[in-house]
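A.B. asks: I'd like to ask some things about the structure below.
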Amino acid sequence: MIIMIIFLILTVLFVIGTAFYLNSKKKNVNLPKHPTDSQNNNKTSKKGKKQLSDILQVKIKDNIICLGNRYSNVISLGNIDYNMLSNSEQDSIETVLIQTALSIDYPVQFFSTTEFIDTTKVVSLIKENKSNNIRINEYRNYLIEYLQNLMENKTISIVKNYAIISYDGAYDKAIEELNRRSLSFMSNLLRAKIVCEILQEDELYNLIYRELNKNSAININNFIQKGGKNLYVEKKQKNKRN
């Protein structure tokens, strides 16, 4: 009998304690949040909604790719038909290439890829050159149509070679040093009749896009200009586009 009374008392105490605990927890849930907490949450959410570069940790500014403390120039390398050269020309080119390789005392990576032929630059140049001659204009329009179809059909691909020259350090010094290294590298290869060109910002974005989308021949310059680097678009920007 005494044991039963003890169990009943413990049961009542347990029920009362559970009720108090649930009531206090419900009050804590309903308490209003401090304004500073909400502001901090909004700041963190905004920080997570900036640009693709914040996720990829890669930034492109002018003609420089920034990856942490490493800054790089991407140089497009021209092609030469080595087999069509004479023996003396081949020997001189080999000598220049050896001298260029020995003079490199900085990080350099060579990158080769297959790309579909891009005729946009040639087409734009043809469109700029207008003539009053009817036959020339007919041939001009035929050539533009042919080059555009050639690019859109993606039937011809070419091998493109690139050199990536890098510098590790501060950004201010990187601009000057990369410029010096790139110009020295390009001038040495020019002695071997290899024409080079430093890729600019739009060309760098196109190169990265083509490597991530091998079956696409889309030029993403217009897409980037409309805010393609952003992960989200504000209402004001949407209204402007509409």
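A.B. asks: Please state which of the following conditions Ala163 fails to meet, knowing it meets all the rest: (1) in contact (Cβ under 8 Å) with a residue 24 or more places away in the chain; (2) surrounded by fewer than 12 Cβ atoms within 10 Å (Cβ to Cβ).
C.D. replies: (2)
A.B. asks: Report yes if Ile98 is of a type outside the set (Phe, Trp, Tyr) and surrounded by 12 or more Cβ atoms within 10 Å (Cβ to Cβ), otherwise no. Lay out the reasoning, then the answer.
C.D. replies: Working: of a type outside the set (Phe, Trp, Tyr): yes; surrounded by 12 or more Cβ atoms within 10 Å (Cβ to Cβ): no.
In short, no.
A.B. asks: So for region 126-144 (the condition being hydrophobic (A, V, I, L, M, F, W, C) and within 30 Å of Ser72 (Cβ to Cβ)), does at least one residue qualify? Even if it seems obvious, please write down each step before you answer.
C.D. replies: Kept after step one, since they are hydrophobic (A, V, I, L, M, F, W, C), are these residues of region 126-144: 126, 134, 136, 143-144.
Then drop every residue that is not within 30 Å of Ser72 (Cβ to Cβ), which leaves none.
Looking through region 126-144, none of the residues is hydrophobic (A, V, I, L, M, F, W, C) and within 30 Å of Ser72 (Cβ to Cβ).
A.B. asks: Out of Asn83, Asn79, Asn69, which single residue is loosely packed, with under 10 Cβ neighbours inside 10 Å and either at pLDDT below 90 or over 25 Å from Val159 (Cβ atoms) (or both)?
C.D. replies: Details: Asn79 fails: loosely packed, with under 10 Cβ neighbours inside 10 Å; Asn69 fails: loosely packed, with under 10 Cβ neighbours inside 10 Å.
So the residue among Asn83, Asn79, Asn69 that is loosely packed, with under 10 Cβ neighbours inside 10 Å and either at pLDDT below 90 or over 25 Å from Val159 (Cβ atoms) (or both) is Asn83.
A.B. asks: Among the residues of region 83-100, what is the count of those that are farther than 22 Å from Ile164 by Cα, of a type in the set (A, V, I, L, M) and assigned to a helix (DSSP H, G or I)?
C.D. replies: 1
A.B. asks: Additional query: Yes or no: Met151 closer than 28 Å to Ser92 by Cβ and not hydroxyl-bearing (Ser, Thr, Tyr)?
C.D. replies: On the way: closer than 28 Å to Ser92 by Cβ: no; not hydroxyl-bearing (Ser, Thr, Tyr): yes.
Spelling it out, it is not the case that Met151 is closer than 28 Å to Ser92 by Cβ and not hydroxyl-bearing (Ser, Thr, Tyr).
Residue-by-condition table, conditions (1) free of Cβ contacts under 8 Å to residues at least 40 places away in the same chain; (2) under 17 Å from Asn188 (Cα atoms):
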{"site": "Ile64", "(1), (2)": "no, no"}
{"site": "Leu67", "(1), (2)": "yes, no"}
{"site": "Ser72", "(1), (2)": "no, no"}
{"site": "Ile75", "(1), (2)": "no, yes"}
{"site": "Gly78", "(1), (2)": "no, yes"}
{"site": "Asp81", "(1), (2)": "yes, no"}
{"site": "Leu97", "(1), (2)": "no, yes"}
{"site": "Ser103", "(1), (2)": "no, yes"}
{"site": "Val108", "(1), (2)": "no, yes"}
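A.B. asks: Is it fair to say Met186 is touching a residue at least 40 places away in the same chain (Cβ under 8 Å), touching an Asp or Glu at 6+ places or on another chain (Cβ under 7 Å) and either surrounded by 13 or more Cβ atoms within 10 Å (Cβ to Cβ) or polar (S, T, N, Q) (or both)? Walk me through it before giving the result.
C.D. replies: On the way: touching a residue at least 40 places away in the same chain (Cβ under 8 Å): yes; touching an Asp or Glu at 6+ places or on another chain (Cβ under 7 Å): no; either surrounded by 13 or more Cβ atoms within 10 Å (Cβ to Cβ) or polar (S, T, N, Q) (or both): yes.
No; evaluated as a whole, the condition is false for this residue.
A.B. asks: A follow-up question, please. For residues that are assigned to a strand (DSSP E or B) and of a type in the set (Ser, Thr, Tyr), scanning just region 101-147, find the one that is farthest from Arg180 (Cα to Cα).
C.D. replies: To start, the set of residues in region 101-147 that are assigned to a strand (DSSP E or B) comprises 108-116.
Keeping just the survivors that are of a type in the set (Ser, Thr, Tyr) gives 112-114.
Working: Ser112: 24, Thr113: 26, Thr114: 29 Å.
Per the stated criteria, the residue is Thr114.
The values are calculated or read from the model by the stated rules, or taken from the named source; none is laboratory data. Computed from a prediction, not measured in an experiment: that's the story for all the values here. For neighbour counting, all protein chains shown are included, and Cβ atoms are generated from backbone atoms with ideal geometry for every residue, glycine included.
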